[in-house]
Amino acid sequence: MTPNGDAIKAIRTAQKLSIRALSLRTGLNRGYLSRLERGLITHPGEGKVALIAAAMQVSTSAITHKETPT
């Protein structure tokens, strides 16, 4: 399961969540979340993706989809 860092960041900012707040909700390190959003971590594991999705109250597909260029 490959996360879409842009989608994670877009949802997080739309919800007015800081990386720190998301870190507190998930128990994941802020640096790790930042690297995930920037696409530096491409295979975090399904458990972590599910944890992030649950913390933001969205489906895992909302943070793993890729936009197709038109």
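Just a few scattered comments:
- Residue in the stretch 54-64 that is part of a loop (DSSP other than H, G, I, E, B) and either touching an Asp or Glu at 6+ places or on another chain (Cβ under 6 Å) or touching a residue at least 60 places away in the same chain (Cβ under 8 Å) (or both) present: yes
- Among the numbered conditions (1) crowded, with 18+ Cβ neighbours inside 10 Å; (2) among the small types (Gly, Ala, Ser); (3) free of Cβ contacts under 8 Å to residues at least 12 places away in the same chain; (4) under 13 Å from VAL58 (Cα atoms), the only one that ALA7 does not meet is (3).
- Candidates are the residues of the stretch 17-32 that are part of a loop (DSSP other than H, G, I, E, B) and hydrophobic (A, V, I, L, M, F, W, C); the one that is nearest to PRO3 (Cα to Cα) is LEU28.
- If you go through the stretch 1-19 and keep only what is of a type outside the set (D, E, K, R) and under 14 Å from ALA53 (Cβ atoms), you end up with MET1, THR2, PRO3, ASN4, GLY5, ALA7, ILE8, ALA10, ILE11, GLN15, LEU17.
- Hey, ARG35 among the basic types (Lys, Arg), part of a helix (DSSP H, G or I) and out of contact with any Asp or Glu (no Cβ under 9 Å at 6 or more places or on another chain) or not: yes
This table checks each residue for (1) within 12 Å of the chain's Cα centre (by Cα); (2) buried (at least 17 other Cβ atoms within 10 Å of the Cβ); (3) at pLDDT 95 or above.
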site	(1), (2), (3)
ALA21	no, no, yes
ARG30	yes, no, yes
LEU33	yes, yes, yes
THR42	yes, no, no
GLU46	yes, no, no
ALA54	yes, no, yes
VAL58	yes, no, yes
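The values are calculated or read from the model by the stated rules, or taken from the named source; none is laboratory data. Every value quoted in this text rests on a predicted model; they were computed, and no experiment measured them. Don't worry about glycine lacking a Cβ; one is built from the backbone with ideal geometry, like all the others, and counts go over all protein chains shown.
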